[in-house]
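Quick notes on the structure that follows.
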Amino acid sequence: MTLTTFWFIVIAFLWTGYFVLEGFDFGVGALLPLLSRSDADRRQVITTIGPVWDGNEVWLITAVGAMFAAFPAWYAHMLSGFYLPLFLVIIGLIVRGVGLEWRGKVTSRRELALCDAGIVAGSVIPAFLWGAIFGHMLYGTAAAAAVGGALSLTMATLHGAVFVALRTTGPVRARARRAALLVSAGAVPLAAVALPSLPGSSALTVPDWSASPFLWASALAAMATLASGTALIWRRREGWAFAATAGAIVFTTATLFGALWPAPMPGITVMEAASAPYTLTVLTWLGVIALPGVIAYQAWTYWVFRRRVSARSE
Amino acid sequence: MDALDLARWQFGVTTVYHFLFVPLTIGLGVFVAGLQTAWYRRTRKGGDGEHLLRLTKFFGKLFLINFAMGVVTGIVQEFQFGMNWSQYSIFVGDVFGAPLAMEALLAFFLESTFLGLWIFGWERLPRRVHLACLWAAVIGSNLSAYFILAANAWMKHPVGYEVVGGRARMTDLWAVLTNSTALAQVPHVVAGAFVVAGGFVIAVSGYRILREGSGGTAGLWRTSLRGALVMTAIAGIVVAGTGDQSARLLREQQPMKLAAAEGLRHDTSGAPFSVVPGLEVPDLLSLLAAHDPQAVVQGMDDIQRRYAASFGPADYTPNLPVVFWSFRVMIVFGMTTVGLSVLGLWLTRRRRRTAALPRWFARLCVLALPLPTVAIVAGWLLSEIGRQPWTVQGELMTAASVSPGVSLIEVAATLAGFTLLYGVLALAEGVLLMRHIKAGPEPMPVEPVPSDEARLTPTLMY
């Protein structure tokens, strides 16, 4: 395997980490109004992601930073090419971030409602746009963008609902389970249509989908894990259901990046876009040294906050 | 006005705005960690450290309100290179991207993850571990400053690279990370951040002392004021020393910036320092920039001629009034802050421990917030506008860096969007900070034993 191939896989890994981790953050934010009947409920829902969401978002910063370093031309064309959608993603992440950090520090109900509105909008908009951007990157059509956006939004929402069910007690937990079942009624058929129909609409960059058993296997695994996530949440196996929805996002992202190889955007091949071997070697050492540590201490965070969050009436 | 101008405005607006919050994140984080460390050490030995805990939580809350803004406005920075400056990104990515990736992997993860643990970990983690989490986050913030400033320094003084096929290629990472420009700039900017954060604490403490007089919790504010005065004075010395170092590097690496900052037209031996236009101190500029009163300092017109000869005809002069005046504003406002802190140290010296702080000084303290903030912004204007017309000194011009496919309307729309949103958020942040400063620290709970339920309550948020 060449360094370039290796770094394409690293970039895919970083985006996968981002979609899995911030995926449930987005889902929790999007579902905030549906899972809560009171201020205490809302606080309970938000507390499930309170300690971790900011660390999860750094996966995006790292993925984009690593693209800049390893594939400057891809980074430059993607960011300038998806100019307005990315502007909206950033605006979403800004209002969501300040909403999450400030909602505990404001005093009036109106300000609290504003913070919550920021969290909801700042979750729904980026969750949709990431799928839309990558859908468009693959096929260059508005239809692909719409389907991709709908798929990423519903999958993130399902993932977030399962996460809340896993991390809470009481009525919120029950509502989260119902929400997960409801959302999966949309997500599963959408995935079943979108993932296998990818080869049919591959006009632009995908060379020969049918010749790639890896993509088929990955797409099938994505659908299987998504469907099993629904079955597991139905049977109240929340931990396994979360593993399944996480797996669905992993396999979907793997399929996506498999399809982006070796020409992620029109006129750009991974080989041409890559940095020189010296830089890629330096980055490899950096990743080898730093990533295991990052994964270890982030895992520790989840361990520290492993206890379910209960409703409080303070 | 074309897309290039607006893209430059967008970079200026979003970067200056981002940098209003960064110094507080860097410096106030260390200050809060210092308070919590003092509390930890005092109470571990059974001493009474309640006032230190109250200060930790009070300034911790202000720190977090500010931290949120620093994080979210930082996202814009990383995306902006690709969005507005795609040609620049393609040219520099091989070199410039590495410190950015390092910043994310080594610094941002540390900062965000451990800050989450600190915010929610008050009752969950052992005290020692909880304190270590804050230090880890603070070290992350400071480390991020190093990496991004190393990247920025490379634009002004590119090292450790070669240009192959129209793209810069890194040949020596160590040279990039130990760039002389970076080694002078990192302590200058980080110490400047400590001056801003120290000024913030001085202003808040002064304001509280004015409100409360000598009663109430005045003793509390004396503690924070003393700490901040010490921090500001020490950081001020570092800023001055590294500023001197930066000036000497300018003479060698970016002569045009130095000439513009001084309005020096022609190559001059024994160059004078121009205090304001028309008032000059002979030989001082040569002395400052080369530590030799007779040294030659290059002048703008002569540099322009030399650059035109080697790089082709173009205007190589930056915006003169901005560079000239921002240099002076930086020095005067920065020095005033440090002078204020030295005066404060004298007024609160050990022998006057019991005396009340004079009210006139408490009033002056409030100025310690705007003064260093203006100084540090002026410093960035000097540094980055003085670099023009280059994005990478001697290699790539700003006009050749912009994204070719992005239209004027797109840049205008996003510039308007960011400006509008940033304005609203600045207002909200100001109101939030002011409200918490007015409310003062929360009283300590009488009953410290946490029940199981209470253990789930994050102390600082939600």
### Estimated vicinal HN-Hα couplings, Hz - the stretch B:315-327 in sequence order (Karplus 6.51, -1.76, 1.60; Gly, Pro = x)
8, 9, 9, x, 5, 5, x, 5, 5, 4, 7, 5, 4
### Query
To the nearest 10 square angstrom, what accessible area does B:Ser86 show with a 1.4 Å probe?
10 Å²
#### Entry: Around B:Ser269: net Lys/Arg minus Asp/Glu count, Cβ-Cβ under 12 Å
-3
### Query
Angle, helix A:72-81 long axis vs. longest principal axis of chain A, Cα atoms, 0 to 90°, nearest 10?
60 degrees
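Might you tell me the accessible area per residue for chain A, computed with a 1.4 Å probe and given in Å²?
Details: 11140 Å² over 314 residues.
Each residue of chain A exposes 35 Å² on average to a 1.4 Å probe.
Hey, got a sec? Which trypsin sites (Lys or Arg not before Pro) in the stretch B:1-101 land in a DSSP loop and have at most 14 other Cβ atoms within 10 Å? Walk me through the numbers before you get to the answer.
Working: sites: B:Arg8, B:Arg41, B:Arg42, B:Arg44, B:Lys45, B:Arg54, B:Lys57, B:Lys61; in loops: B:Lys45.
Answer by residue number: B:Lys45.
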### Query
For the stretch B:297-304, what does the Karplus curve 6.51 cos²θ - 1.76 cosθ + 1.60, with θ = phi - 60°, yield as ³J(HN,Hα) per residue in whole Hz, taken in order and with x for Gly and Pro?
10, 6, x, 4, 5, 6, 5, 3
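Top to bottom by accessible area (1.4 Å), largest first, where do A:Ile268, A:Ile289 land? Walk me through the numbers before you get to the answer.
Working: A:Ile268 15, A:Ile289 125 Å².
Final ranking, largest accessible area leading: A:Ile289, A:Ile268.
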#### Entry: Accessible surface of chain A [probe 1.4 Å, protein heavy atoms]: carbon and sulfur percent
72 percent
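If you roll a 1.4 Å probe over the stretch B:3-456 with all protein chains in place, what percent of the accessible area is carbon or sulfur? Please list the in-between numbers first.
Working: 11790 of 17770 Å².
With neighbouring chains kept in place, the figure for the stretch B:3-456 is 66 percent.
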### Query
Along the three principal axes, how long is the stretch B:45-151 when you take its alpha carbons, biggest first, rounded to the nearest angstrom?
60, 21, 21
#### Entry: Charged-residue dipole, Cβ positions (Lys, Arg, Asp, Glu), the protein assembly as shown about Cα centre, Debye nearest 20
3460 debye
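Trypsin sites (Lys or Arg not before Pro), restricted to the stretch B:217-273: which are DSSP loop and have at most 15 other Cβ atoms within 10 Å? Present the calculation step by step, with values, prior to reporting the outcome.
Details: sites: B:Arg222, B:Arg226, B:Arg248, B:Arg251, B:Lys257, B:Arg265; in loops: B:Arg265.
Within the stretch B:217-273, the qualifying trypsin sites (Lys or Arg not before Pro) (loop, at most 15 other Cβ atoms within 10 Å) are B:Arg265.
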### Query
To the nearest Å, what is the center-to-center distance of the stretch B:377-397 and the stretch B:18-70, using C-alpha atoms only?
35 Å
### Query
Around B:Phe273, which amide H atoms from residues at least 5 apart in sequence, or from another chain, sit under 5 Å from its own amide H, with H modelled in the peptide plane?
B:Val281, B:Asp283, B:Leu284, B:Leu285
### Task
Using only protein heavy atoms and a 1.4 angstrom probe, determine the accessible area buried between A and B, summed over both sides, in Å² to the nearest 100.
6400 Å²
## Note on the structure
Accessible-area loss of at least 40 Å² in the complex relative to the chain alone (1.4 Å probe) applies, within the stretch B:78-101, to B:Glu78, B:Phe79, B:Gly82, B:Met83, B:Ile90, B:Asp94, B:Ala101
### Interface residues in the stretch B:399-423 - accessible area drops by 20 Å² or more relative to the isolated chain, probe 1.4 Å
B:Val406, B:Glu410, B:Thr414, B:Phe418, B:Leu421
### Task
Can you send over the solvent-accessible area of B:His188, 1.4 Å probe, protein chains only, in Å² to the nearest 10?
50 Å²
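Restricting the count to DSSP beta bridges whose residues both fall in the protein assembly as shown, what percent are antiparallel, rounded to a multiple of 5? Let's see the in-between values first.
Values: 12 of 13 bridges.
Of all bridge pairs located within the protein assembly as shown, approximately 90 percent are antiparallel.
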### Task
Take every Cα-Cα distance within chain A, group them into 10 Å bins from 0 onward, and report for each bin the whole-number percent of pairs it holds.
6, 27, 34, 23, 8, 1, 0
### Message
With every protein chain kept in place and ligands, DNA and RNA left out, what is the accessible area per residue of chain B? Probe 1.4 Å, answer in Å².
### Response
39 Å²
### Message
Calculate the FRET efficiency for A:Thr169 and B:Leu408 from the Cβ-Cβ distance with a Förster distance of 56 Å, rounded to the nearest 0.05.
### Response
0.55
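What trypsin sites (Lys or Arg not before Pro) does the stretch A:81-110 have in DSSP loop regions with at most 15 other beta carbons within 10 Å? Please list the in-between numbers first.
Values: sites: A:Arg96, A:Arg103, A:Lys105, A:Arg109, A:Arg110; in loops: A:Arg103, A:Lys105.
In loop regions of the stretch A:81-110 (DSSP not H, G, I, E or B), there are no sparsely surrounded trypsin sites (Lys or Arg not before Pro).
Considering all alpha-carbon pairs of the stretch B:3-456, what whole percent are spaced by more than 28 angstrom?
On the way: 56646 of 102831 pairs.
Roughly 55 percent, rounded to a whole number.
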### Task
Scan around A:Val309 for amide H atoms under 5 Å from its own, H built in the peptide plane at 1.01 Å from N, and keep only partners 5 or more places away or cross-chain.
A:Thr168, A:Thr169
### Message
How far apart, in nanometres, would the label points at A:Val288 and B:Ser269 be if each is projected 7 angstrom from Cα along the Cα-to-Cβ direction?
### Response
5.6 nm
### Query
To the nearest Å, what is the center-to-center distance of the stretch A:51-87 and the stretch B:155-179, using C-alpha atoms only?
23 Å
### Accessible-area value, A:Thr107, 1.4 Å probe, nucleic acids and ligands omitted, Å²
110 Å²
### Summary
Taking the dipole of the stretch B:3-456 about the Cα centre (Lys, Arg +1; Asp, Glu -1; charges at Cβ), the one of B:Thr73, B:Gly440, B:Val276 that reaches farthest to the positive side is B:Gly440
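The values are calculated or read from the model by the stated rules, or taken from the named source; none is laboratory data. What you are looking at is a predicted structure, and each value in this text was computed from that prediction instead of being measured. Quick reminder, even Gly has a Cβ in these numbers, built from the backbone with ideal geometry, and neighbours come from all protein chains shown. To get the accessible areas, we keep the full protein, side chains included, count just its heavy atoms, and leave off ligands, DNA and RNA. Shrake-Rupley method; radii C 1.70, N 1.55, O 1.52, S 1.80 Å.
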